[in-house]
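Written below as C-alpha coordinates is the structure these notes are about.
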Amino acid sequence: MKLISVIVFSIILGGCSNSSPFIAEKPENLLSETKFKSILSEMVISEMMVQSKITSPKKVNKEIARLGKEILKKASVDSTQYTQSFDYYASDKEKMEEIYNQIISELDKKIKKLN
(Lines give C-alpha, C1' and ligand atoms only; values in the text may rest on other atoms or scores of the structure.)
Protein backbone atom coordinates (compact mmCIF):
# COMPACT_ATOMS: atom_id res chain seq x y z
CA MET A 1 0.00 0.00 0.00
CA LYS A 2 2.88 2.37 0.81
CA LEU A 3 4.28 1.68 -2.66
CA ILE A 4 1.07 2.65 -4.37
CA SER A 5 0.77 5.80 -2.26
CA VAL A 6 4.25 6.92 -3.29
CA ILE A 7 3.57 6.31 -6.98
CA VAL A 8 0.21 8.07 -6.83
CA PHE A 9 1.90 11.02 -5.11
CA SER A 10 4.50 11.07 -7.91
CA ILE A 11 1.74 11.20 -10.53
CA ILE A 12 0.03 14.07 -8.76
CA LEU A 13 3.29 15.93 -8.29
CA GLY A 14 4.23 15.40 -11.92
CA GLY A 15 0.83 16.63 -13.03
CA CYS A 16 1.27 19.85 -11.10
CA SER A 17 4.67 20.60 -12.57
CA ASN A 18 3.48 21.23 -16.11
CA SER A 19 0.40 23.38 -16.42
CA SER A 20 0.60 24.05 -20.16
CA PRO A 21 -0.81 21.77 -22.88
CA PHE A 22 2.60 21.85 -24.59
CA ILE A 23 3.89 18.55 -25.96
CA ALA A 24 7.67 18.46 -26.16
CA GLU A 25 9.35 17.85 -29.48
CA LYS A 26 10.19 14.18 -29.98
CA PRO A 27 13.94 13.73 -29.39
CA GLU A 28 15.98 11.80 -31.94
CA ASN A 29 17.17 9.35 -29.32
CA LEU A 30 13.75 8.81 -27.66
CA LEU A 31 13.58 5.66 -25.57
CA SER A 32 10.80 3.31 -26.56
CA GLU A 33 7.86 3.53 -24.20
CA THR A 34 8.57 -0.02 -23.02
CA LYS A 35 12.22 0.69 -22.20
CA PHE A 36 11.37 4.04 -20.61
CA LYS A 37 8.68 2.43 -18.45
CA SER A 38 11.08 -0.31 -17.36
CA ILE A 39 13.76 2.20 -16.32
CA LEU A 40 11.25 4.46 -14.57
CA SER A 41 9.83 1.49 -12.70
CA GLU A 42 13.29 0.51 -11.44
CA MET A 43 13.94 4.09 -10.38
CA VAL A 44 10.67 4.30 -8.47
CA ILE A 45 11.43 1.05 -6.66
CA SER A 46 14.99 2.06 -5.80
CA GLU A 47 13.86 5.47 -4.55
CA MET A 48 11.26 3.88 -2.29
CA MET A 49 13.80 1.41 -0.91
CA VAL A 50 16.27 4.20 -0.16
CA GLN A 51 13.65 6.38 1.51
CA SER A 52 12.54 3.49 3.69
CA LYS A 53 16.08 2.85 4.95
CA ILE A 54 17.77 6.27 5.11
CA THR A 55 16.47 9.28 7.01
CA SER A 56 19.02 11.96 6.16
CA PRO A 57 17.82 13.98 3.13
CA LYS A 58 21.39 14.51 1.89
CA LYS A 59 22.15 10.80 2.09
CA VAL A 60 18.82 9.93 0.44
CA ASN A 61 19.53 12.22 -2.51
CA LYS A 62 23.07 10.94 -2.86
CA GLU A 63 22.00 7.29 -2.80
CA ILE A 64 19.11 7.87 -5.22
CA ALA A 65 21.50 9.59 -7.64
CA ARG A 66 23.97 6.72 -7.36
CA LEU A 67 21.31 4.08 -7.95
CA GLY A 68 19.87 6.08 -10.84
CA LYS A 69 23.26 6.08 -12.54
CA GLU A 70 23.52 2.32 -12.02
CA ILE A 71 20.06 1.73 -13.48
CA LEU A 72 20.88 3.82 -16.55
CA LYS A 73 24.23 2.10 -17.00
CA LYS A 74 22.61 -1.33 -16.77
CA ALA A 75 20.07 -0.26 -19.41
CA SER A 76 22.84 1.20 -21.64
CA VAL A 77 21.19 4.62 -21.52
CA ASP A 78 22.90 7.92 -20.78
CA SER A 79 21.38 10.54 -18.53
CA THR A 80 20.72 12.95 -21.42
CA GLN A 81 18.74 10.34 -23.35
CA TYR A 82 16.74 9.44 -20.26
CA THR A 83 16.07 13.08 -19.35
CA GLN A 84 14.97 13.97 -22.88
CA SER A 85 12.72 10.91 -23.00
CA PHE A 86 11.29 11.72 -19.56
CA ASP A 87 10.59 15.31 -20.62
CA TYR A 88 8.93 14.11 -23.83
CA TYR A 89 6.65 11.58 -22.13
CA ALA A 90 5.94 13.92 -19.17
CA SER A 91 4.89 16.73 -21.50
CA ASP A 92 1.84 14.61 -22.38
CA LYS A 93 0.10 14.28 -19.02
CA GLU A 94 -2.27 11.59 -20.24
CA LYS A 95 0.58 9.47 -21.62
CA MET A 96 2.62 9.86 -18.44
CA GLU A 97 -0.38 8.96 -16.31
CA GLU A 98 -0.89 5.88 -18.46
CA ILE A 99 2.77 4.90 -17.99
CA TYR A 100 2.55 5.36 -14.21
CA ASN A 101 -0.71 3.38 -14.09
CA GLN A 102 0.98 0.52 -15.94
CA ILE A 103 3.89 0.63 -13.50
CA ILE A 104 1.49 0.60 -10.54
CA SER A 105 -0.37 -2.36 -12.01
CA GLU A 106 2.83 -4.33 -12.62
CA LEU A 107 4.19 -3.57 -9.14
CA ASP A 108 0.87 -4.47 -7.57
CA LYS A 109 1.00 -7.88 -9.30
CA LYS A 110 4.53 -8.44 -7.99
CA ILE A 111 3.45 -7.54 -4.45
CA LYS A 112 0.50 -9.95 -4.63
CA LYS A 113 2.84 -12.75 -5.74
CA LEU A 114 5.05 -12.09 -2.71
CA ASN A 115 2.10 -12.30 -0.34
>> Taking the condition of being at pLDDT 90 or above, touching a Lys or Arg at 6+ places or on another chain (Cβ under 8 Å) and part of a helix (DSSP H, G or I), how many residues in the range 44-94 meet it?
In response: 3
> List, please: which pairs have Cβ atoms under 8 Å, are six or more places apart or on different chains, and start with a residue in the range 60-83 that is touching a residue at least 60 places away in the same chain (Cβ under 8 Å) and end with one that is assigned to a helix (DSSP H, G or I) and among the hydroxyl-bearing types (Ser, Thr, Tyr)?
Replying inline: none
> In this structure, is THR55 under 16 Å from LYS26 (Cα atoms) and loosely packed, with under 13 Cβ neighbours inside 10 Å?
Replying inline: no
>> Of the conditions (1) surrounded by 15 or more Cβ atoms within 10 Å (Cβ to Cβ); (2) modelled with pLDDT under 90; (3) part of a helix (DSSP H, G or I), ALA24 satisfies every one except a single condition; which number is it?
In response: (3)
> If you check ASN29, ASN18, which single one turns out to be modelled with pLDDT under 50 and not hydrophobic (A, V, I, L, M, F, W, C)?
Replying inline: ASN18
>> Given the criteria crowded, with 16+ Cβ neighbours inside 10 Å and modelled with pLDDT of 95 or more, does PHE36 qualify?
In response: yes
> Here are some conditions: (1) charged (D, E, K, R); (2) farther than 16 Å from VAL44 by Cβ; (3) modelled with pLDDT of 90 or more. GLU98 meets all but one. Which one does it not meet?
Replying inline: (2)
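The values are calculated or read from the model by the stated rules, or taken from the named source; none is laboratory data. Values in this document were obtained by computation on a predicted structure and should not be read as measured data. So basically every Cβ, Gly included, is an ideal-geometry build from the backbone, and we count neighbours across all protein chains shown.
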